[in-house]
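Okay, structure first, notes after.
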Amino acid sequence: MSTTTPRRERPKQAAKPAPPGGAPAASQTASGRHSQRWLAWIFLAPTILGMGLFTLVPIAASVVLAFFRWDIISAPTFVGFDNFAEVVQDPTVRVSFLNTIVFVIVAVAFQLGLALALAVMVQEKMPSWLRTFFRSAFFFPLILSAASVSIFMRYLFNEQFGVVNWFLSLAGIPAVPWLTTPGGSAAVVILVYVWQNFGFSFLLFIGGLASIPVETYEAAALDGATGWRKHVYVTLPLLSPTTLLASVMAIISALQVFDQPYVLTRGGPGDSTRTAVMVIFESAFQRLEFGEASAIGVILTLIIMAITAAQFRLSKRFVFYQ
Amino acid sequence: MTTTTERVSTRTPAVPARSRRKPNWNLVLRIVLLMIAAVLTLGPVMWTLSTSLRSPSESFKLPPSFFPWNPDFTSYAQVFQQLDIVLLVLNSALVTGLIAVGQMVTAAMAGYAFANLKFRGRGALFSIVLATMMVPVQVTIVPVFMLIRGMGLSDTLLALILPAIPTAFGTFLMRQYFMGLPTDLAEAASIDGASPWRTFRSVYAPLAIPGMAIVGILAFNFHWNEFFRPLIMTISEQNFTLPLGLVSLQGNLGTGSISVVLAGVVLSMIPALVVFIFGQRALQDGLTAGSGK
């Protein structure tokens, strides 16, 4: 932001009076300003028009559609808050939102805890080639498609010939019915999701840790804080802005989970792994209830906005900025 | 700390002396734990690769294989018979490539306008662009689907490409990038009498290429792997992209020939792997760019 200010001052001194119309005497800079404005709008046109068409109008349309009943074939009819009432009472929708909330809490806590622990371990003194190896390894799953990951994970968690159960059998643990029981499938969806996404939080924590000045640790060491106490009293407070950012991003993306449960379990068994976005997908594109789908989408967006706002409010209290 | 007292009593530097006497247990423990995490992270991928190189009849036999000692390419031959994988790759490449190029060009233009050009409403407009980042795709997908249908584009590749080109995150990245470039370049150019367009074309556009590369790599990684939008926007198999084709292949084959499905999965990973090898740094920087420093 601040870098733009010196630039903004430059033409001002040259062309003080020049009104937008431009007196001919106002010379180069006035016309330069004029052509800058033209160029700006030409450059912005594709992005602004595209976003208007494919994001802003759809948001508005989604809100409007939530108050209509529409199956695409017959004309839409206005139904007021009926869609919301139906959605709130629908047991499948309720279970799916509950599943999503439980999923978000467990997956995000697991993801952040794991990422933080690994980041702290990697950032302490260590040969740099090893550090590079670990960073690349933890980052690797992020480049894969969630659909492909879920495809091979479905085989790995197969009850009879899955590799996971084979390893467990070596330890004398009987075969776990991973994908055929509600608890097992929920666990698999969480594990597969965290497996693929912890690397992102890990990268954020690495960046945050790197920005903590070494002198802080030296001072803490002089005061006798070593080992884990150093992390509790120095690392965690100084890392809190990163932790906030990482948790906001992790929660928002976990609330939208779809690919993993869709490929791994199709939401089953029963509704045990059905998520909010799966319900949007199913009511819109399988049952053609577009109004209801929009109502669910609006509710999900409101939840996302509320959580984001709450986290930033909390941050004013608990986040420690240097 | 104990090392400080040592340093006083003995004349030799304490740190090397200590490391000669006993290994650094803290470091050993950390490396062991990190290794376990790395094995759990890479293990499933190694299994996928190695199992795709087993023959279909052996693919589900235990113990599992994690290293392809005797590679068998039958599954790779079969996946070409079971699945029109050439078409899937072409579709994915076309969709991903056009989205990436489209995002690079439009984001560079919009980012430059927000960073270097003066016009009324710049701040407000940029805030709107940023705000659209918070709205999940799933919420706008129903109206976008209707819109695409109204445009007569349903079940075409354009239905996947067009809505993905305007990019808030890419615009944000390019604005940051242009703001990081020295301003005296523009001043020098305008003193020489260059128009804003010439200043952009001959001074800034060539410098923008590394930033555009990050936008392109991010777009490629995201859309090559995308599943949700293709699942909704495409109906006929001739318009499927790779992830969609692989998921339907798994559905069709059941658990009969794991290695064939996994061969498809491995093939679909190759471009991502190339990006990982050559563009990992750019990808990491781009992904975490929103975190600000």
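The values are calculated or read from the model by the stated rules, or taken from the named source; none is laboratory data. Quick caveat, the model's predicted, so the values are computed rather than measured. As a convention, Cβ positions derive from the backbone with ideal geometry for all residues, glycine included, and neighbour counts pool all protein chains shown.
Brief remarks follow.
- Listing of helices (runs of 4 or more DSSP H) fully contained in the range B:139-241 that carry 1 or more residues being more than 10 Å from chain A (Cβ to nearest Cβ), free of Cβ contacts under 8 Å to residues at least 24 places away in the same chain and under 23 Å from B:THR288 (Cα atoms): B:209-224
- For the range A:70-80, the criterion of being polar (S, T, N, Q) and within 30 Å of A:ALA246 (Cβ to Cβ) is met by no residue.
- Only listed residue being crowded, with 19+ Cβ neighbours inside 10 Å and of a type in the set (A, V, I, L, M), chosen from A:ALA75, A:ALA119, A:ALA109, A:ALA85: A:ALA119
- Among the residues listed as B:LEU49, B:LEU130, B:LEU42, B:LEU87, the single one being assigned to a helix (DSSP H, G or I), farther than 30 Å from B:PRO182 by Cβ and assigned by TED's automatic domain parsing to the domain that holds B:MET174: B:LEU87
- When A:LEU118, A:LEU112, A:LEU144 are screened for being at the interface with chain B (Cβ under 8 Å from one of its Cβ atoms) and farther than 25 Å from B:VAL261 by Cβ, only A:LEU118 passes.
- In the set (1) touching a residue at least 40 places away in the same chain (Cβ under 8 Å); (2) at the interface with chain A (Cβ under 10 Å from one of its Cβ atoms), the condition left unmet by B:LEU130 is number (2).
Residue-wise test of (1) more than 7 Å from chain A (Cβ to nearest Cβ); (2) out of contact with any strand residue (DSSP E or B) (no Cβ under 8 Å at 6 or more places or on another chain); (3) closer than 30 Å to A:ALA276 by Cα.
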residue	(1), (2), (3)
B:TRP69	yes, yes, no
B:GLN82	yes, yes, no
B:ASN91	yes, yes, yes
B:GLY97	yes, yes, no
B:PHE119	no, yes, no
B:ARG122	yes, yes, no
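- Among residues of the range B:52-78 being out of contact with any helix residue (DSSP H, G or I) (no Cβ under 7 Å at 6 or more places or on another chain) and part of a helix (DSSP H, G or I), the one that is surrounded by the most Cβ atoms within 10 Å (Cβ to Cβ) is B:GLU58.
- Of the helices (runs of 4 or more DSSP H) that lie entirely inside the range A:122-224, those containing 1 or more residues that are touching a residue at least 40 places away in the same chain (Cβ under 8 Å) and of a type outside the set (Val, Ile, Thr) span A:128-139, A:146-156, A:182-210.
- Among (1) under 28 Å from A:LEU302 (Cα atoms); (2) touching a Pro at 6+ places or on another chain (Cβ under 8 Å) - the single one A:SER201 does not satisfy: (2)
- B:LEU262 closer than 30 Å to B:LYS61 by Cβ and either in contact (Cβ under 8 Å) with a residue 60 or more places away in the chain or loosely packed, with under 14 Cβ neighbours inside 10 Å (or both): yes
- With respect to the conditions (1) buried (at least 20 other Cβ atoms within 10 Å of the Cβ); (2) farther than 30 Å from A:SER247 by Cβ; (3) modelled with pLDDT under 85, B:LEU287 lacks only one, and its number is (2).
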